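First up is the structure itself, then whatever we jot down about it.
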Amino acid sequence: LYNTIQAALAGAERVFEVLDERPELDEASDQQPPPFKGEVRFDHIEFGYRPDVTTIRDMSLEAKPGDLIALVGPTGAGKTTIVNLLTRFYELRRGSIFIDGTDLRRLPKATLRRELGIVLQDTFLFSDSVLENIRYGRLEASDEEVMEAARLAEADAFIRLLPHGYQTRLAERGANLSQGQRQLLAIARTILADPAILILDEATSSVDTRTEARIQKALLRLMRGRTSFVIAHRLSTIREATQILGIKDGAIIEQGTHDQPLGQHGFYEHLYRSQFRGVAT
């Protein structure tokens, strides 16, 4: 009984921490902006998760509509932090981020996030049918639109092999699907949402080579015509990138197309040679 009481007290402390948390205030204008074109600009931004630690240091970059921006660098370099700032999951310490010339802080968060599509390494799926899990990308979509998104995402073939096809009910977090199948459903969901800006965070890092080829094909279809930010350790996703940014210690240390960073004898060249030329990491 004493152990049960101690566990209950620990849980209660965490519950009250959540209850005492002050809600975020969205001070943006209620005015709805026109549809996003996808131009993104980081203007000397700085950020830290703690006041005494700087994670992102005086970073500036620009992406034109339709550009593919690849972020490469060691673990902890700040790649995921950059996309967290773009989605306004955290607020900047200094500097500004602009979309189509408008400061993010002037955009309602709901409006901003409707224009962002995110495919992560770990896909969250609900205990519901395959059809409804894809429809979560755009709740008002028809069944035909959902199935078309699945076809574009290379997911239709495996869905039709499930016991009840699109009506197959998924286990908690999609446990009755493989990692690759979960990723294809996430891509279908994002295609259905039709975002202006796409964020891919290690979207193919946990799948086998054959499944990766299918996911790559779906991703290329998804990225067409959209401004995309890609975080990847496998370079097959990013060789055609408009810009490749080498990130280290929260700063851009290399920048250019695929061929340009290869000549700088830095992190990107080391990563490329280790994966494509058999050099040990």
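Worth pointing out:
- Amide proton proximity set for Glu39, modelled H, under 5 Å, gap of 5+: Asp100
- Of the solvent-accessible surface of the range 107-243, computed with a 1.4 Å probe over protein heavy atoms with every protein chain present, carbon and sulfur atoms account for 50 percent.
- Residues whose amide H lies under 5 Å from that of Thr55, counting only those 5 or more places away or on a different chain, are Phe47, Gly48, Tyr49; hydrogens are built 1.01 Å from N in the peptide plane.
- If you take all other residues with their beta carbon under 12 Å from the beta carbon of Ala63, and give Lys and Arg +1 and Asp and Glu -1, the sum is 0.
- Estimated translational D of the range 22-146 in µm²/s (Stokes, Kirkwood radius over Cα pairs; 4 °C; 1.567 mPa s): 78 µm²/s
- By average C-beta atoms within 10 angstrom, highest first, the peptides 62-71, 6-15: 62-71, 6-15
- Residue ranking by accessible heavy-atom surface, 1.4 Å probe, largest first, among Tyr2, Tyr166 comes out as Tyr2, Tyr166.
- Ranked order, Ile252, Ile82 - accessible area, probe 1.4 Å, largest first: Ile252, Ile82
- Considering only Cα atoms, the convex hull volume of the range 131-201 works out to 89 Å³ per residue.
- Reach of Lys37 by Cα under 16 Å, taken over aspartates and glutamates that are not fewer than 8 positions away in the same chain: Glu62, Asp67, Asp100, Asp103, Glu115, Asp194
- The residues of the range 1-131 expose, per residue, 61 Å² of accessible area to a 1.4 Å probe.
- The phi-based Karplus calculation (6.51 cos²θ - 1.76 cosθ + 1.60; θ = phi - 60°) puts the 3J(HN,Hα) values of the range 212-219 at 4, 4, 5, 5, 4, 4, 5, 5 Hz, whole numbers, x for Gly and Pro.
The values are calculated or read from the model by the stated rules, or taken from the named source; none is laboratory data. Note that the structure is predicted; figures quoted are calculated from it, not measured. Please note: Cβ atoms are built from the backbone with ideal geometry, for glycine as well, and neighbour counts cover all protein chains shown. Calculation scope for accessible area: heavy atoms of the full protein, side chains included, ligands and nucleic acids excluded. Shrake-Rupley method; radii C 1.70, N 1.55, O 1.52, S 1.80 Å.
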